[in-house]
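Worksheet for the structure shown next.
The values are calculated or read from the model by the stated rules, or taken from the named source; none is laboratory data. All figures in this text were calculated on a predicted structure; none of them were measured in a lab. Cβ placement follows ideal geometry from the backbone for every residue including glycine, while neighbour counts extend to all protein chains displayed. Ligands, DNA and RNA are stripped out before the accessible areas are found, and what is left, the full protein with its side chains, is counted by its heavy atoms. Shrake-Rupley method; radii C 1.70, N 1.55, O 1.52, S 1.80 Å.
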Amino acid sequence: MKNFIEEVTWRGMLHDVMPGTEEHLLEQMRVAYVGIDPTADSLHIGHLVGVMLLKHFQLAGHKPVALIGGATGMVGDPSGKSNERNLLDEDTLRHNQNAIKGQLERFLDFNSGTDNAAELVNNYDWMKDFSFLDFIRQIGKHITVNYMMAKDSVKKRLNGESAEGMSFTEFSYQLLQGYDFLHLFQQKQVTLQMGGSDQWGNITTGTEMIRRVASGKAYALTCPLITKADGTKFGKSEGGNIWLDAARTSPYKFYQYWLNTSDADAEKYIKIFTFITKEDIVTLTNEHQEAPHLRVLQKRLAAELTTMVHSQADLDNAIQASNILFGNSSSADLKQLDQQTFLDVFEGVPQAEISREDIEAGLSIIDALAGKSGFTTSNGEARRALQANSIAVNKEKVTEEYTVTSQDLINDRFVLLQKGKKNYFVLVIK
């Protein structure tokens, strides 16, 4: 067996671990699980730390189990939250589970047929027929209210500013999560639960339940909650979460998120979110420190993650799209962009709508710049810019005699105007 604890420790992925866990894992193949919130049909990068823990666990020779919290997703978890979650119906949960499994398969080996092949389970499957009376008779009697009240996650909600306090639904959450651990311990020989540091209380409730109900020994391990050096929330952009689903966050935006991380964050993230070896990371970090402006760490981080979550082709497209703004690119490069990537690259750039009839008839460059779009304030300004050779259509310089036609359309819908190096304008054809 490889030393899993040693691996996640040098990567900065270890926050708390129960005594004896390392020795337990070195004895033989073990089974561990991480719970995943199924409230959306995609994971976001906030989930990636738990997924990477499972992958490192599998690489160390152990068996990973990903638990979709179908039942607990119907309840809500008080840990670190100020409000209850929205409660989901079964059809939505099943749809979300299937979508999440497809994403997990990019990281975990579910299909090798080996002893340590990954497994996906949904706690709704064993909770849906468990009556309330049976639950409080069989499980509730083993954990005291005093024990539950002592948990930090509960204390924070009870002592928080919210006048609403905590519902019984939320208060019971740690019993449900604890029972998951007990069930998996009894049915699938799971002896370790892993999660974020805010889950320590819930996880240790599970180890206590296993001790009291099954006279067994189980272990807990948590990773730090990932933060950004500037204090802003990890995994968020102006548009919200950074999702793994390309329909929610395009591969270009996904690539740009990692490319734009600070030097301090890139040094931390490349250990956590890639499988690059310790030696190679040391080499990359030294190379980066010698020439920070080349952003070696950020480029490698963005490349590794974009390929892992999406594909090599998506990475190539994202790099090509990035070069359109910051490098020497041509009209042909622009026309290879799909519509969503084009819109992402030029997000926030001023736009004007032009009728298709105008383009098909041929639109003079003066009208395209001034009268029809307002990119320049007047025909005179447009002419002066053209005479100064500072106007480009689709990244290619043009003169006063140029006519914009259907041949210039990108995705049959856009024309990119440019004045100087940094001033862009998009004509949208209607």
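Straight-line reach from Lys151: which lysines have Cα under 23 Å away, leaving out those fewer than 8 places along the same chain?
Correct list for Lys151: Lys81, Lys141, Lys217.
Efficiency by 1/(1 + (r/R0)^6): what FRET value for Ser262 and Leu133, r their Cβ-Cβ distance, R0 = 41 Å, to the nearest 0.05?
Calculated transfer efficiency: 0.15.
Quick check for you: which residues of region 269-297 have the amide N under 14 Å from the point 7 Å beyond the Cα of Ala229 toward its beta carbon?
Once the point is set 7 Å along Cα→Cβ of Ala229, 269-271, 285-286, 288-297 turn out to lie under 14 Å by backbone N, inside region 269-297.
Could you name the aspartates and glutamates in cross-link range of Lys2, using Cα to Cα under 13 Å and dropping any fewer than eight places away on the same chain?
Glu22, Glu23, Glu27
Each residue of region 414-425 in order: what ³J(HN,Hα) in whole Hz does its phi give by Karplus 6.51 cos²θ - 1.76 cosθ + 1.60, θ = phi - 60°, with x for Gly and Pro?
10, 10, 9, 9, 9, 10, x, 8, 10, 9, 10, 8
Could you list which residues have their amide H under 5 Å from that of Val190, counting only those 5 or more apart in sequence or on another chain, with H placed in the peptide plane?
Close amide H contacts, sequence-distant or interchain: Phe185.
Select one label from [x] 24.8; [y] 27.7; [z] 23.8: the one whose number is Kirkwood radius over Cα pairs in Å as derived from the coordinates shown.
The value matching this structure is [x].
Which whole-Hz couplings ³J(HN,Hα) result when phi for each residue of region 350-359 is put into the Karplus expression 6.51 cos²θ - 1.76 cosθ + 1.60, θ = phi - 60°, listed in order with x for Gly and Pro?
x, 9, 9, 8, 10, 6, 4, 4, 4, 5
What is the distance, in nm, between label points placed 7 Å from the Cα along the Cα-to-Cβ direction at Ala388 and at Gln28?
Rounded to a tenth, the inter-label distance reads 7.8 nm.
Under 28 Å Cα to Cα from Lys430, which lysines show up? Leave out anything in the same chain fewer than 8 places away.
Lys253, Lys335, Lys372, Lys395, Lys397, Lys419, Lys421, Lys422
At 0.36 nm per residue, minus the direct Cα-Cα distance, what do Asn98 and Glu279 gain on full extension? Give it in nm, one decimal, please.
Gain in length upon complete extension: 61.4 nm.
What spacing in nm lies between the two simple spin-label points modelled at His15 and Glu105, each 7 Å away from Cα in the Cβ direction?
With each label placed 7 Å out from Cα toward Cβ, I get 3.1 nm.
Angle between the Cα long axis of helix 48-59 and the longest principal axis of the chain, 0 to 90 degrees, nearest 10?
Once rounded, one gets 60 degrees.
Under a 1.4 Å probe, what is the accessible area of region 221-302 per residue, stated in Å²?
Per-residue accessible area for region 221-302 comes out at 49 Å².
Whenever you get a sec, compute what percent of the accessible area on the chain sits on carbon and sulfur atoms (1.4 Å probe).
That share works out to 47 percent.
What size of dipole, in debye to the nearest 20, comes out for region 219-377 about its Cα centre when the only charges are +1 on Lys and Arg C-beta atoms and -1 on Asp and Glu C-beta atoms?
Charge dipole of region 219-377: 500 debye, to the nearest 20.
Calculate, in whole percent, how much of the Cα-Cα pair population of region 204-245 lies beyond 16 Å.
Above the 16 Å cut-off, region 204-245 has 61 percent of its Cα pairs.
From the residues Phe234, Ile276, Ser262, which one has its Cα farthest along the dipole of region 232-295 in the positive direction, the dipole being from +1 and -1 charges on Cβ of Lys/Arg and Asp/Glu about the Cα centre?
Phe234
Kirkwood hydrodynamic radius of region 289-409 from all distinct Cα pairs, in Å?
In region 289-409 this quantity evaluates to 16.7 Å.
Kindly write out, for region 182-196 in residue order, the coupling ³J(HN,Hα) from the Karplus curve 6.51 cos²θ - 1.76 cosθ + 1.60 (θ = phi - 60°), rounded to whole Hz, with x marking Gly and Pro.
For region 182-196, the Karplus-derived couplings read 4, 4, 5, 4, 6, 9, 10, 6, 6, 10, 9, 10, 10, x, x Hz, x marking Gly and Pro.
So the label point goes 7 Å from the Cα of Gln351 along Cα→C-beta, right? Which residues of region 396-430 then have their backbone N under 13 Å from it?
Answer for region 396-430: 413-416, 425-430.
At 222 nm, what value in deg cm²/dmol follows for the chain if DSSP H runs of at least 4 each add -39500 (n - 2.57) and the sum is divided by all its residues, to the nearest 500?
After summing the helix terms and dividing by the residues of the chain, the value is -12500 deg cm²/dmol.
Taking K and R as +1 and D and E as -1, what net charge do the other residues with C-beta under 12 Å from the C-beta of Thr283 add up to?
Once all neighbours under 12 Å are counted, the net charge is -2.
Apply 1/(1 + (r/R0)^6) to the Cβ-Cβ distance of Thr114 and Asp89, taking R0 = 35 Å, and write down the FRET efficiency to the nearest 0.05.
After rounding, the FRET efficiency stands at 0.45.
Given Cβ point charges of +1 (Lys, Arg) and -1 (Asp, Glu) and nothing else, what value in debye, to the nearest 20, does the dipole of the chain about its Cα centre take?
Charge dipole, the chain, about its Cα centre: 680 debye, nearest 20.
So how tilted is helix 263-272 from the main axis of the chain? Cα-based, degrees 0 to 90, rounded to 10.
For 263-272 against the chain, the angle is about 50 degrees.
Quick query: amide H of Ser364 versus all other amide H atoms, modeled in the peptide plane; which residues come in under 5 Å with a sequence gap of 5 or more or a different chain?
Counting only residues 5 or more places away or on other chains, the set is Val404.
If N is the number of residues in region 341-405, what value comes out of its Cα radius of gyration divided by 2.2 N^0.38 Å?
After normalising by residue count via 2.2 N^0.38 Å, the value is 1.12.
Take the Cβ-Cβ distance between Ser172 and Gln340 as r, set R0 to 45 Å, and report the resulting FRET efficiency rounded to the nearest 0.05.
Once the sixth-power term is evaluated, E becomes 0.55.
What is the distance in Å between the Cα centres of region 344-416 and region 210-269?
Centre-to-centre (Cα) distance: 42 Å.
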